[in-house]
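Here's the structure we're looking at; comments come further down.
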Amino acid sequence: MAQTIYPVPQDWAENALVDEAGYQAMYRRSVEDPEGFWGEAAQRLDWIKPFTRVKDTSFDEADFGIAWFSDGTLNISANALDRHLAERGDSVAILWEADDPAEPHRAITYRELHADVCRFANLLKAQGIGRGDRVTLYLPMVPEAAVAMLACARIGAIHSIVFAGFSPDALAGRIRDCDSRIVLTADEGLRGGKRIPLKANVDAALNQCIGVERVIMLRRTGADVPMVEGRDIDWAEAASQSADCAPAEMNAEDPLFILYTSGSTGKPKGVLHTTGGYAVWTAMTHEYVFDYRPGQIYWCAADIGWVTGHSYVVYGPLMNGATSVMFEGVPNWPDPSRFWQVVDKFKVEIFYGAPTALRALMREGDDWVTRTDRSSLRLLGSVGEPINPEAWSWYHRVVGEGRCPIVDTWWQTETGGAMITPLPGATALKPGSATKPFFGVQPALLDTDGNEIAGAGDGCLVIKDSWPGQMRTVWGDHDRFFQTYFTTFKGVYFTGDGCRRDEDGYYWITGRIDDVINVSGHRMGTAEIESALVAHHKVAEAAVVGMPHDIKGQGIYAFVTTNAEVTPDAALRAELIKWVRQEIGPIATPDVIQFAPALPKTRSGKIMRRILRKIGENDVGNLGDTSTLADPSVVDHLLANRPHLT
Ligand code: ATP
Ligand code: MG
């Protein structure tokens with residue numbers, strides 16, 4: 001496919017925190033002298049007791065261990081709040097937009113947020129919650145969710161957020177996995193004009209969890225919900241607590257939170273992050289990736305139920321004194337202009353979103369975007385899945401009117417924050433590539449025998465050495481942690497993703513390793529074929545998997561969703577096959593194209609390819625863990641409409 005390169009705009013090169021030469025120099029130092037580099041970088045935080053050790057890490061089985069700044073102490077809520085009070089106490093920390101555009105927004109200053117966090121921390125303490133206790137949050141995207149996270153951090157409790165779209169069963173599984181004694185929720189959530197019965201879901205989940213002694217419920221909608229005597233209390237009780245709560249002195253390696261991965265490849269893992277390294281990593285990446293300066297209005301549209309919400313709605317931005325926009329709603333309600341209306345309302349300068357939302361909006365046509373102003377936007381970001389070059393170009397041309405760089409950030413729940421990403425003042429962009437490693441990140445590509453591929457090539461993406469934001473364990477199952485990430489290839493962290501590196505040293509994520517298919521001896525990343533399909537003007541979204549093929553070994557099975565106004569038919573099928581042959585070559589010719597009104601997605605919006613793979617393999621007896629599917633009926637529809645039923 002034709003390759004366009006977008007050079008760094010002049011004003012960015014001149015005014016950003018780092019330009020290309022700056023990036024090169026800092027990157028070199030970060031890998032040649034990690035102790036010196038991270039020892040200095042960590043000075044951005046307020047430490048209670050300064051660390052003397054920087055890095056104690058080994059990925060080898062014999063002396064395996066990951067610890068950063070391990071004799072230092074700090075409190076992340078103090079770093080996100082208290083340290084700003086003198087200089088920026090009256091500037092806005094959280095700018096909240098409700099689901100319903102008619103509901104007034106809220107602007108909460110650092111001083112107010114600090115007081116709310118202290119009060120809620122005191123309420124938690126009054127329930128007997130303290131250091132090391134697990135607190136499950138099942139909350140809508142409201143400021144109180146951030147308050148609760150920071151309150152846990154303030155007293156040393158470990159938060160575990162469960163996305164508020166999950167079912168009672170999925171919630172119960174996560175409560176039990178980490179033995180929470182307390183659950184924080186709301187009467188109802190609001191999303192896209194619909195009410196979500198959060199408290200009723202908690203009640204149902206707790207029938208399966210005997211260990212939960214306390215539920216604190218926020219009144220969001222005022223719905224009449226039953227309260228269990230002796231167990232449930234009202235969030236409003238926090239108001240009568242003292243607005244003074246000293247931050248607990250935490251060791252850098254004390255746990256901060258548990259977060260279950262989105263489950264697109266299997267049973268979710270309870271990823272554990274600790275305090276010091278995560279704080280350094282999220283603050284530093286937030287500042288450099290978004291070139292953030294205090295005063296700028298910044299919006300990460302992720303839900304706090306996902307790691308992106310943890311690192312880039314709450315912790316990273318607040319540690320940097322940012323004004324962080326928090327949005328309760330969805331991109332396409334009341335209409336597909338909503339994102340851009342919010343951008344205009346708050347004069348958002350930096351917008352960070354997911355490819356799944358962009359593809360959905362692209363499908364509705366440009367007019368929903370162009371009818372809004374968006375002149376405040378300076379920088380755009382993407383995260384969660386590979387962004388197809390077609391969607392990238394649309395984002396750049398239509399949303400950003402050609403003036404905003406796009407930072408396509410590759411990372412994982414496990415990595416804590418961005419790992420492979422452009423820096424807007426330093427990196428020329430190639431649509432679809434996450435470009436270059438962040439400071440301290442040493443990616444490598446290995447072939448299936450574990451040999452490192454030098455120069456251009458493609459293979460399994462691993463990271464050779466630890467970085468401060470790395471997860472420390474799988475909650476309750478340290479062996480699973482080691483087995484999952486450090487045994488496929490010895491001595492390195494295995495990401496599970498396939499990746500290509502081009503002649504310029506740019507990284508292109510090609511999809512999960514499991515999604516690399518082998519057609520007549522040619523290894524192909526499914527992302528490339530998907531991008532070719534999405535580049536067709538009638539296609540909105542595509543997912544490609546392998547299928548058994550007598551002659552080729554593996555054939556190509558493509559699931560395709562068309563644009564809103566298109567009727568899929570045999571003629572379109574033929575047209576798409578011809579199109580892919582032209583775009584990539586005959587080797588990529590799809591053997592099967594199944595049209596579908598929607599693709600199966602996790603609740604975080606990622607296509608669940610493992611289910612599609614089973615359909616491609618015609619092995620649909622056991623589809624595995626589907627508890628994280630957003631809409632199970634999508635799968636039923638796919639099963640009922642398979643074109644190659646035998
Ligand atoms: P599970 O680990 O339970 O299967 P998951 O991997 O979907 O779930 P996350 O940690 O939310 O859970 O997702 C990380 C994955 O998302 C990465 O490994 C990668 O496959 C994909 N990803 C994230 N950002 C990007 C990006 N910018 N470009 C390409 N892929 C991305
Ligand atoms: Mg994963």
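Readers should treat all values here as calculations from the given coordinates under stated rules, not as data from a laboratory. Remember, it's a predicted structure, so these values are computed and weren't measured experimentally. Because the Cβ atoms are built from the backbone with ideal geometry, glycine has one as well, and the counts that use them run over all protein chains shown.
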Q.
Check the chain for me: any Cys whose beta-carbon has no other cysteine beta-carbon within less than 4.7 Å?
A. Cys152, Cys178, Cys209, Cys300, Cys404, Cys460, Cys499
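Run the dipole for the chain about the Cα centre, Lys and Arg Cβ at +1, Asp and Glu Cβ at -1, nothing else charged, and hand back the magnitude in debye, nearest 20. The partial results should precede the final answer.
Numbers: 62 positive and 84 negative charges, 105 e Å.
With Lys and Arg at +1 and Asp and Glu at -1, about 500 debye.
Is it possible to state the helix-based mean residue ellipticity at 222 nm for the chain, with each DSSP H run of 4+ residues giving -39500 (n - 2.57), the sum divided by total residues, to the nearest 500 deg cm²/dmol? What is it? Don't skip to the end; give the middle numbers.
On the way: 19 runs with 176 residues, N = 646.
Result for the chain: -8000 deg cm²/dmol, rounded to the nearest 500.
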Q) Cross-link list Lys267/Lys614; Lys464/Lys490; Lys430/Lys538; Lys269/Lys606; Lys267/Lys606; Lys578/Lys601: which exceed 19 angstrom alpha carbon to alpha carbon? A) Lys430/Lys538; Lys578/Lys601
**Q.** Overall Cα dimensions of the range 60-137 - principal axes, largest extent first, Å
**A.** 59, 32, 27
(Q) With equal scatterers on the alpha carbons only and no solvent term, can you work out the Debye log10 of I(q)/I(0) for the range 239-281 at 0.18, 0.25 1/Å? (A) -0.70, -0.86
Q: With viscosity set to 1.567 mPa s and temperature to 4 °C, compute the Stokes-Einstein D of the range 456-509, Rh being the Kirkwood radius across alpha carbon pairs; µm²/s, no decimals.
A: 104 µm²/s
(Q) Tell me which of Val54, Pro104, Ala126 sits at the most positive position along the dipole axis of the range 1-135, charges placed on C-beta atoms (Lys, Arg +1; Asp, Glu -1). (A) Ala126
Q: Could you work out the Kirkwood radius for the chain, taking every pair of different alpha carbons, averaging 1/r and inverting it, reported in Å?
A: 25.2 Å
